[in-house]
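None of the figures in this text is laboratory data; all of them are computed from the coordinates on show. The structure presented is a predicted model; accordingly, all values stated were derived computationally and were not measured. For neighbour counting, all protein chains shown are included, and Cβ atoms are generated from backbone atoms with ideal geometry for every residue, glycine included.
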Amino acid sequence: MKKSLIALAVAGAFAAPAFAATSNVDVYGVLNIAIEDSDIAGSDLTILDNTSRIGFKGTEDLGGGLKAVWQIESALGGNGTTAIGSGATLGTRNTFVGLAGGFGTVLMGRHDTPYKLGTVSLDIFGDTVGDYNLGRLDGVQLINNTHDHRNGQALAYVSPTWSGFHFAAAVVMSNGEPGSALNTADSIDAISATGVYSNGPLFLSLSFQDADAAAPAADTAWKLGAGYTFGDTKVGFVYEDIESARDSWLLNVAHTMGPIVLKAQYGTVDAGAADQDAFMLGADYNMSKRTSVYFVYGNGDNDAGADESSWNLGVKHSF
């Protein structure tokens, strides 16, 4: 599951920034390589990159409880659709500098929006063919990636923790992430915010984004996330509403049996004449805290095209 080690990520959602306690540079990353096959006519058995990345991060103590924080994170491939190393350049992922202290964290640079991060912990098939916003199964995006996106020129704030509650807000300035629909000639392209409560077995989040140039129209988006843990079983739910365009929901479950995690998800999209739905089944085998083997099978049905089934068999190692 994708959990960026970034200032806005928190124990699966938003918590205090997870940075080194010294000025030393920390190196971290993920290698996630998989075999993929699909029932699309003409498709071949392929070895591909499922969003592998490498990053460098650190802090500097400025005194009085204030710290400078920074991060440079780069993709080693694409978003699960390209060969290993294809198109990788420096700083393609969350790359920023900021200040952190008792007031929270302020940062600027390229970053996932708070709207995106509000439910990232509920994407149990993240960084696989079943990722909920990549549309790799017949183009079905259970969560729309026009809003659920990483953007350049972000100025963001994340609050401290108050009894399990955190909030974050950001503005995306002119020339957001190149190629993104959040990119206009305006001084401010988008305003994004989320509030997250994570305490014990309960997880709740509510996210909002107002984007001037969000396709298919200038729109606002709302997203609700909820999760609950019953012993070894975790249940998650996400609902998204994009004004005048679409609404969607998904429900998933993950059950842990020793080193094995069994997972399932179903979701549907109401998008007018092109309704969509998708389901995924999968299993992870955790060989250690850093290395796992996984299998994911998914099927997507987009009314605008034919059904598509695909599977991944991969190895994921975190360092």
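Can you compute 3J(HN,Hα) from phi for each residue in the range 96-113, using the Karplus curve 6.51 cos²θ - 1.76 cosθ + 1.60 with θ = phi - 60°, rounded to whole Hz and x for Gly and Pro?
For the range 96-113, the Karplus curve yields 7, 9, x, 10, 9, x, x, 7, x, 9, 10, 9, 9, x, 8, 7, 4, 6 Hz.
For the range 210-281, what does the alpha-carbon gyration tensor say about shape, rounded, prolate or oblate, given a ≥ b ≥ c as the root eigenvalues, a/c under 1.5 as rounded, and a/b over b/c as prolate?
Prolate, since a/c reaches 1.5 and a/b exceeds b/c.
When the Karplus curve 6.51 cos²θ - 1.76 cosθ + 1.60 is applied with θ = phi - 60°, which whole-Hz ³J(HN,Hα) does each residue of the range 118-129 get, with x for Gly and Pro?
These are the phi-based 3J(HN,Hα) values: x, 10, 4, 6, 9, 8, 6, 10, x, 6, 9, 4 Hz.
Test of understanding: ordering E60, E73 by Cβ neighbours within 10 Å, fewest first, what list do you get?
Placing the least packed residue first, the sequence is E60, E73.
Hey, can you rank 237-243, 118-124 by average C-beta count inside 10 Å, highest first?
Descending packing order for the listed peptides: 118-124, 237-243.
Tally Lys and Arg at +1 and Asp and Glu at -1 over the other residues with C-beta under 14 Å from the C-beta of G101: what net charge comes out?
It works out to a net charge of -1.
In whole Å, how far is the Cα centre of the range 230-306 from that of the range 93-171?
With the range 230-306 and the range 93-171 each reduced to a Cα centre, they are spaced 18 Å.
Just flag the trypsin sites (Lys or Arg not before Pro) in the range 253-319 sitting in loop per DSSP whose Cβ has no more than 13 other Cβ atoms within 10 Å.
Filter output for the range 253-319: K289, R290.
How much length would be gained if the chain were fully extended between N199 and T233, taking 0.36 nm per residue of separation minus their Cα-Cα distance, in nm to one decimal?
The span from N199 to T233 would gain 10.6 nm if fully extended.
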